1. Hey, what do the phi angles of region 109-114 turn into as Karplus ³J(HN,Hα) couplings, whole Hz, using 6.51/-1.76/1.60 and θ = phi - 60°, x for Gly and Pro?
2. How do 177-189, 197-209 rank on mean C-beta neighbours within 10 Å, highest first?
3. Can you put S108, S131, S191 in order of Cβ neighbours within 10 angstrom, beginning with the fewest?
4. Roughly speaking, what is the stretch gain from K226 to A23, that is 0.36 nm per residue apart minus the C-alpha to C-alpha distance, in nm to one decimal?
5. Pop a pseudo-label 7 angstrom from the Cα along the beta-carbon direction at both D60 and F170 and give the gap in nm to one decimal.
6. Can you tell me the FRET efficiency between A79 and D162 if r is taken as the Cβ-Cβ distance and R0 is 30 Å, rounded to the nearest 0.05?
7. Run the numbers for E208 and L111: contour at 0.36 nm per residue of separation, minus the present Cα-Cα distance, in nm.
8. Go through K43/K169; K43/K226; K18/K107 and tell me which ones have a Cα-Cα distance over 23 Å in this structure.
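All of the numbers you see were taken from the coordinates with simple rules; none came from a lab. From a predicted model like this one, the values you see are computed outputs, not experimental measurements. Backbone-built Cβ (ideal geometry, glycine too); neighbour counts: all protein chains shown.
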Amino acid sequence: MQDIRNPARSRPLSRNVKRLMKAARASPDNPNVVKAGRDMALKDLAYCDLQGNIFMAAVDRGIAMEQFAPMFMYSQLAAVIDFSFFHPGLQDEGSLPDYLQMPMLLKSPDLIVDVLLWIEGIVRKLGDGESPRAAIVREVSADTPAAPAIPAYLDIDDSDEDTAALAEKFAYAYWLGYIYRYESLLHEEASRMVFEVLDEPLMRETYEQLDFGDTDLADCAAEICKRLDLLIINRL
């Protein structure tokens with residue numbers, strides 16, 4: 001199978017972008033103090049919840065988070081969703097241009113995962129000299145478009161798991177998707193930018209070190225992101 005490089009991943013963050021990301025978090029007087037981000041509205045938290053459910057839908061298909069997280073965070077679908085969040089007046093479906101309405105209409109997390117897998121499958125089977133956009137248009141125009149399928153390069157975990165282990169996978173996936181969107185909204189940064197400085201292994205390590213008891217994630221997400229922002233400040 002032809003290996004297609006994700007164009008988003010082929011463009012690492014520039015030094016200037018990293019400087020701006022660090023400046024958005026660090027106090028000019030004390031680099032160990034994180035600046036307060038914008039206030040999160042209930043609608044913002046609903047978007048975080050949606051993304052948490054998207055990540056859980058991937059677990060439901062047997063896709064490990066170390067594989068799904070970069071696939072989603074670097075995807076053009078995530079980029080379009082980012083754009084609709086960061087521009088005033090574009091968060092209401094009635095005010096969205098046609099090309100921005102699609103992600104807002106995909107209310108089902110399962111459907112969003114299916115769309116992402118469908119696009120990923122098409123892009124990885126490009127014809128000679130064919131662009132990803134042309135391949136997707138060709139598939140959409142076909143009389144019988146290919147059904148969404150999990151790309152063969154993903155390692156699917158189809159082993160029997162006990163309930164506790166499976167529940168932990170879902171819990172981590174929800175947390176990961178939720179916090180990624182929270183961090184992105186908090187600093188109005190693209191998913192790709194957030195993932196570049198908070199990759200999945202680092203997030204998993206952070207998750208395993210946290211102990212918030214029965215505290216609702218919506219109530220402690222701000223504190224989690226403060227800790228993550230300190231990590232970013234020290235890494236950039």
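1. Going residue by residue, I get x, 4, 5, 4, 5, 4 Hz, with x marking Gly and Pro.
2. Working: 177-189: 23.5, 197-209: 15.2.
With the highest mean Cβ count within 10 Å placed first, the list reads 177-189, 197-209.
3. On the way: S108 14, S131 11, S191 24.
Ascending Cβ contact count within 10 Å gives the list S131, S108, S191.
4. Result for the pair: 71.7 nm of gain on full extension.
5. Modelled inter-label distance: 0.9 nm.
6. Working: r = 38 Å, r/R0 = 1.25.
In this case the efficiency is close to 0.20.
7. Numbers: separation 97, 0.36 × 97 = 34.92 nm, distance 2.92 nm.
In short, 32.0 nm is gained.
8. Values: K43/K169 26 Å; K43/K226 21 Å; K18/K107 33 Å.
Violating the 23 Å limit, Cα to Cα: K43/K169; K18/K107.
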